């Protein structure tokens, strides 16, 4: 436990006051309609939306998750989420403009634009509850769990006290300010979070027991943790940490904030953009900051923690009052922050509060948008007034906060939940990528993928069948342990592809209307375009060349740019100047090429 001084309290209280004031200032306009409350009238600029996306994914559980990964698997373990950059850039250059063209209010509403009949109606309602409530609650629980651990270690607060203090302010400004309040406060929260993260990293690395970067890099316990790529001689580690994320995971998994084809709160911000170009700019800005800028402060604190707290026992010894059910390597991040001096401590505490508030407020507004737009207004009371919809949104916001806080009290660590969510979305991602460009996919494809993925994941992870097939940490199974995820993806894909061809395609009118609205293009719609032409229906409203090949090329160049920036930054920090210089040059070349490609995409000259 640390003792906050007057300066620390002043910074924290000032921060709380600022966010509440912003929420109060926009409350009146946000309450005019459900569109204002959840999308701010579709008039947001790219830079504000991009910063909001970054702030949202800068949650209190993320530094804890990165610390857990680095302490157990080294820096290279972060490929489990770095691989999602490919998904993110495909969203930028292929899907962002499609989402903006769709003019839906939520990505769940998309189901009744793309599909028709009772299956589409069921899919929309079920996914609204499944994602907006169940999965959303799980994601918020991980964030709240991190806040509980920070409160226990740094302030000696009980879990209920932490939830009460941190959650109260967040739910107030989220409830009254709506989406506009969330986005405006995100702008403030982002800079506070970045300042605190960088300040904490600098101070922790320069602690006497760590000895600065020179001492850190020379420490025997740290040397084998700093590699950006896993050991190529360790086949099992290489497959699980690098090959599976890059070859399978990025396109096959559904995960909040990294959905293949875009979705969730990322889609919500694209739908709120002024136009297609603002949607593209926002999502690229997000991916660049999310992957190239933010990871290193967390990684440095994690590496320094290995020196100061080499194992969980040393953390428990230093903080004996921590509840045993909450002990884990992810606690090391909070433990390191207790060593900060006054002033910086207040800033870091404010940054952690900022990270918590930003993520929770976004999830509350996003989840509430599903409850209101895709469940209440669609199934419970279709003729509800705009005022009533806003009130339901505010009530559901409060209830989501209460339920997620209760679940957080039952969890142990963030990585535990990360793996559960990742596994339950395995195999569904390919549908989200293809449904825009292949007419044959129908509502039953998505329904079968969703249920089969969940059932197969439960069988493999929570029953004896999984033990027999994949073994345990102590014993081998029929198949190698790393194959669990690819097998789930394979079986789920077989199920939904079989169901696709065994069920009827969507009706012509549904497919015609979808194509007219979004203009996806490509060979996957050629049969429908020909059929429409035969019926005297013109689907194609422009004669421009299909933009997806240029978007894929931009994605590849963008990956070189952002990965190059991420890794060159790491090598400059490590003091590996030759590697850093080469990667920096490569990053600059890729950046120039990307700018030229982007101009062609914006002007639609391919």
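The values are calculated or read from the model by the stated rules, or taken from the named source; none is laboratory data. Keep in mind it's a predicted model, so treat the numbers as computed, not measured. For neighbour counting, all protein chains shown are included, and Cβ atoms are generated from backbone atoms with ideal geometry for every residue, glycine included.
Some notes on this structure:
- For residue 193, the stated conditions hold: it is out of contact with any strand residue (DSSP E or B) (no Cβ under 9 Å at 6 or more places or on another chain), surrounded by 24 or more Cβ atoms within 10 Å (Cβ to Cβ) and either closer than 17 Å to residue 286 by Cβ or modelled with pLDDT of 80 or more (or both).
- Scanning segment 162-180 for residues that are at pLDDT 75 or above and within 12 Å of residue 357 (Cα to Cα) gives 163, 165, 167, 168, 170, 171.
- Taking first residues from segment 91-119 that are farther than 29 Å from residue 288 by Cβ and partners that are outside any helix (DSSP H, G or I), the Cβ contacts under 7 Å between residues at least 6 apart in sequence or on separate chains come to 113/104; 114/435; 115/442; 115/506; 116/506; 116/507.
- Selection status of residue 514, within 25 Å of residue 87 (Cβ to Cβ) and either touching a helix residue (DSSP H, G or I) at 6+ places or on another chain (Cβ under 9 Å) or modelled with pLDDT under 90 (or both): yes
- The sole residue among 389, 399 that is closer than 21 Å to residue 267 by Cβ and either assigned to a helix (DSSP H, G or I) or touching a residue at least 40 places away in the same chain (Cβ under 8 Å) (or both) is 389.
- For segment 302-310, the condition holds for no residue, the condition being that it is under 17 Å from residue 195 (Cβ atoms), assigned to a helix (DSSP H, G or I) and touching a residue at least 24 places away in the same chain (Cβ under 8 Å).
- Test: residue in segment 343-357 that is part of a loop (DSSP other than H, G, I, E, B) and either at pLDDT below 80 or over 18 Å from residue 170 (Cβ atoms) (or both): yes
Each row is one residue, and each column tells you yes or no for (1) closer than 20 Å to residue 69 by Cα; (2) at pLDDT 85 or above.
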{"residue": "276", "(1), (2)": "no, no"}
{"residue": "281", "(1), (2)": "no, yes"}
{"residue": "290", "(1), (2)": "yes, yes"}
{"residue": "293", "(1), (2)": "yes, no"}
{"residue": "318", "(1), (2)": "no, yes"}
{"residue": "322", "(1), (2)": "no, no"}
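- When 550, 554, 565, 593 are checked against the criterion of being free of Cβ contacts under 8 Å to residues at least 40 places away in the same chain and either assigned to a helix (DSSP H, G or I) or over 29 Å from residue 441 (Cβ atoms) (or both), 593 stands alone in meeting it.
- Looking across 230, 208, one residue alone is in a loop (DSSP other than H, G, I, E, B), modelled with pLDDT of 85 or more and surrounded by fewer than 13 Cβ atoms within 10 Å (Cβ to Cβ). It is 208.
- Here the condition is being surrounded by fewer than 22 Cβ atoms within 10 Å (Cβ to Cβ), farther than 22 Å from residue 363 by Cα and free of Cβ contacts under 8 Å to residues at least 60 places away in the same chain; of 220, 276, it holds for 220 alone.
- Residues that are more than 30 Å from the chain's Cα centre (by Cα) and outside any helix (DSSP H, G or I) were ranked within segment 513-537; the one that is surrounded by the fewest Cβ atoms within 10 Å (Cβ to Cβ) is 536.
- From the list 350, 292, 384, the lone residue that is surrounded by fewer than 22 Cβ atoms within 10 Å (Cβ to Cβ) and over 30 Å from residue 86 (Cα atoms) is 384.
Every residue, every condition in (1) free of Cβ contacts under 8 Å to residues at least 12 places away in the same chain; (2) assigned to a helix (DSSP H, G or I), yes or no:
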site: 286; (1), (2): no, yes
site: 290; (1), (2): no, yes
site: 313; (1), (2): yes, yes
site: 322; (1), (2): no, no
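- Any pair with Cβ under 6 angstrom, 6 or more apart, that starts in segment 133-154 at a residue that is free of Cβ contacts under 8 Å to residues at least 60 places away in the same chain and ends at one that is assigned to a helix (DSSP H, G or I): 151/162
- Residue match in segment 148-158 (condition: touching a helix residue (DSSP H, G or I) at 6+ places or on another chain (Cβ under 8 Å), farther than 22 Å from residue 398 by Cα and either modelled with pLDDT of 85 or more or part of a loop (DSSP other than H, G, I, E, B) (or both)): yes
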